[in-house]
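Structure first, commentary second.
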Amino acid sequence: MTLLTSTLVGLATSLYFRVWTLMLVSPLIAVLAAILLQSDGYAFATGAPIVVACLAFNQLAYLAGAVLSPDNDGSIAEEVDGIPRGRREHKVHGQNE
């Protein structure tokens, strides 16, 4: 159940927020998954790999959602390096002359 939830959270995050949101969502998922697994009686040795899997599923779902998003024009690099999309231009002196 925790894997499914973290996957859905990753997918939802990719549809509404930018990649930087994962820095906030990932620790939250890790803490909530650890609390849930501890309350279900999982030991550390069995719970830790599940928490790691939750984080991996979350980030893979984010990546899949970002790639399949209708707003995606084919390059994830634009999200990371801040290159303007479409017809926008940099405001760098001498570059767009």
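For this structure, a couple of remarks:
- Within region 41-60, considering residues that are in a helix (DSSP H, G or I) and aromatic (Phe, Trp, Tyr), the one surrounded by the most Cβ atoms within 10 Å (Cβ to Cβ): 57
- Among residues of region 20-39, those that are loosely packed, with under 13 Cβ neighbours inside 10 Å and under 10 Å from residue 9 (Cβ atoms), counted: 1
- Residue, farthest from residue 66 (Cα to Cα), within region 1-40, restricted to residues that are at pLDDT below 85 and not in a helix (DSSP H, G or I): 1
The values are calculated or read from the model by the stated rules, or taken from the named source; none is laboratory data. These numbers were taken from a predicted model, which means no experiment stands behind them. Neighbour counts run over all protein chains shown; Cβ positions are idealised from the backbone, glycine included.
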